[in-house]
1. Once the piece of chain linking Ser47 and Ala75 is laid out straight, how much longer is it, given 0.36 nm per residue of separation minus the C-alpha distance between them?
2. Give me the 1.4 Å probe accessible area per residue for the chain, excluding ligands and nucleic acids, in Å².
3. Which of these values of log10 I(q)/I(0) by the Debye sum over Cα atoms at q = 0.09, 0.15 Å⁻¹ was calculated from the structure shown: (i) -0.40, -0.87; (ii) -0.25, -0.73; (iii) -0.33, -0.83?
4. Can you tell me the FRET efficiency between Arg18 and Ala64 if r is taken as the Cβ-Cβ distance and R0 is 22 Å, rounded to the nearest 0.05?
5. Given the chain, what percent of its DSSP beta bridges are antiparallel, to the nearest 5?
6. What residue among Gly93, Thr11, Ser104 has its Cα farthest toward the positive end of the dipole of the chain, where the charges are +1 on Lys, Arg and -1 on Asp, Glu, each on the Cβ?
7. Taking the Cα centre of the chain as origin, work out the dipole magnitude from +1 charges on Lys and Arg Cβ and -1 charges on Asp and Glu Cβ, in debye rounded to 20.
8. Among all helices in the chain defined by DSSP H, which have a length of 20 Å or more along the axis from Cα atoms plus a Kyte-Doolittle mean of at least -1.0?
Amino acid sequence: MIAAPELSLATAEAWLARGEAALLLRVGATRGSVPREQGTTMLVSASEVAGTIGGGHLEWQAIARAREALAQGRAEPEVWSVSLGPSLGQCCGGALSLHFEPLSTQSLAAWASPPPRFRLQLYGAGHVGRAIVQACATLPCTVRWLDERDAEFPAAPCPPTSTPWPPSL
């Protein structure tokens with residue numbers, strides 16, 4: 001299994017574009033102590049996982065359940081209600097519902113991008129600045145990239161999370 005560190009709309013779009021059969025897992029209602037908050041998502045295919053719903057036995061069983069559904073060709077949405085106690089091997093003690101939905105153009109259309117976790121104002125478009133912008137492209141953040149030397153910004157389009165400044169670029 002190859003795990004991607006963060007689930008993003010770009011990851012989901014890429015999987016869909018290459019025809020990767022996958023399920024989008026979303027934490028629904030929660031009660032008590034749970035590993036992740038409502039709305040947390042994870043994408044599971046037969047060979048890859050992107051994102052996390054909190055790790056531990058909950059995540060391992062959710063991945064196994066998703067892969068079983070994919071192997072059987074089940075394409076209908078499903079809700080799994082889970083108590084996070086001894087029977088699951090989790091000590092959280094809370095409960096949650098986990099929603100399984102096939103990755104599709106409809107699920108992408110309804111995708112709500114999370115707000116950025118942070119905003120970075122980056123000064124300098126040299127080699128270090130370009131490397132930082134590329135690294136930030138995989139993170140849930142926005143970058144305002146400043147340099148008075150217009151020619152220093154790369155000719156290729158910037159990652160969608162970054163905005164070169166001044167805006168004439």
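The values are calculated or read from the model by the stated rules, or taken from the named source; none is laboratory data. Computed from a predicted structure; not experimentally measured. Counting neighbours? That spans all protein chains shown, and the Cβs are built from the backbone with ideal geometry, glycine included. These area figures cover heavy atoms from the full protein model, side chains too; ligands, DNA and RNA do not enter into them. Shrake-Rupley method; radii C 1.70, N 1.55, O 1.52, S 1.80 Å.
1. Net length gain for the segment: 8.3 nm.
2. On a per-residue basis, the chain sits at 57 Å².
3. Working out log10 I(q)/I(0) by the Debye sum over Cα atoms at q = 0.09, 0.15 Å⁻¹ from the coordinates points to (i).
4. On the way: r = 23 Å, r/R0 = 1.06.
My answer for the efficiency is 0.40.
5. 60
6. About the Cα centre, the residue reaching furthest to the positive side is Gly93.
7. 280
8. Details: long enough: 56-71 (23 Å, -0.18).
Those that pass (Cα extent of 20 Å or more, hydropathy at least -1.0) are 56-71.
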